[in-house]
Amino acid sequence: MNQTLINVHSYLAYVALALLVVAAFNAILGLTSKKFFTDKDLRISLFTMIVCHIQLLVGLIVYFVSEKGFQAFAIEGAMKNSELRLTMLEHPLVNIIALVLITMGWSKHKKEESNNGKFKKIAIFYTLGLVLILSRLPWNSWLN
């Protein structure tokens, strides 16, 4: 069960990251080319946010059942181990902050009336979220 959840979290991460790249690129492209914010743009941004939230929920479940998550705080000297510190503290905390930024971007874009403003909010907040997520991925265990 534990390994299945970890695998779901890992494979869903590929989908979430790909969607984040597409949504951020779409918003930047729409902003620079001064396009109209269409239903397609809305769906890309919304679907990205939904998948990222599902990824967060799966990640939180993994966090509380995994030895490298919440349980690692009981290990003596865990904060001195960079790999363990990444999985038990940095990765979850930074990804929650990234999801808050993505959600803020979605919320702020809805209040905008101009097409340019809608693309700008999505571009800024989704890109910031993407950069934060990429900065705290456990690359060593994820790519193996």
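Only the coordinates and a few stated rules stand behind these numbers; no lab work does. Predicted model, so just to flag it, every value in this text is computed and none were measured. Positions of Cβ are backbone-derived with ideal geometry, glycine not excepted, and every protein chain shown enters the neighbour counts.
Counting only other residues whose beta carbon sits under 14 Å from that of Lys108, what net charge do I get with K and R as +1, D and E as -1?
Around Lys108, the charge tally is +3.
Taking the Cα of Glu113, stepping 7 Å toward and past its beta carbon, and measuring to each backbone N in the range 17-61: which are under 17 Å?
It comes to 37, nothing else.
Have a look at Asn115, Leu12, Ile44 and report the one farthest towards the positive end of the charge dipole of the range 2-142, computed about the Cα centre with Cβ charges (Lys/Arg +1, Asp/Glu -1).
Of the candidates, Asn115 comes out farthest on the positive side.
Could you work out how much longer the chain between Gln71 and Ala18 gets when fully extended? Use 0.36 nm per residue separation minus the Cα distance between them, nm to one decimal. Don't skip to the end; give the middle numbers.
On the way: separation 53, 0.36 × 53 = 19.08 nm, distance 3.02 nm.
Result: 16.1 nm gained on full extension.
If you project the alpha carbons of the range 62-144 onto the principal axes, what extent comes out on each, in Å, largest first?
Result, largest extent first: 54, 22, 19 Å.
Kindly write out, for the range 114-123 in residue order, the coupling ³J(HN,Hα) from the Karplus curve 6.51 cos²θ - 1.76 cosθ + 1.60 (θ = phi - 60°), rounded to whole Hz, with x marking Gly and Pro.
Rounded to whole hertz, the list is 8, 4, 4, x, 4, 4, 5, 5, 5, 4.
Would you mind computing, in nm to one decimal, how far apart the modelled labels at Glu90 and Leu46 are, each placed 7 Å from Cα along Cα→Cβ?
The answer from the label model is 3.7 nm.
Using just the helices of the chain, give the 222 nm mean residue ellipticity in deg cm²/dmol: DSSP H runs with n ≥ 4 each add -39,500 (n - 2.57), and the total is spread over all residues, rounded to 500.
-25500 deg cm²/dmol
Kindly count the pairs of lysines across the chain whose alpha carbons are less than 25 Å apart, treating pairs on different chains or eight or more residues apart as eligible.
27
So if I place +1 on the C-beta of Lys and Arg and -1 on the C-beta of Asp and Glu, and nothing else carries charge, what would the dipole magnitude of the chain be about its Cα centre? I want it in debye, nearest 20.
Dipole about the Cα centre, nearest 20: 580 debye.
State the Kirkwood hydrodynamic radius of the chain in Å, one decimal place, computed from all pairs of distinct Cα atoms.
On the way: mean 1/r = 0.0626 Å⁻¹.
16.0 Å is the Kirkwood radius here.
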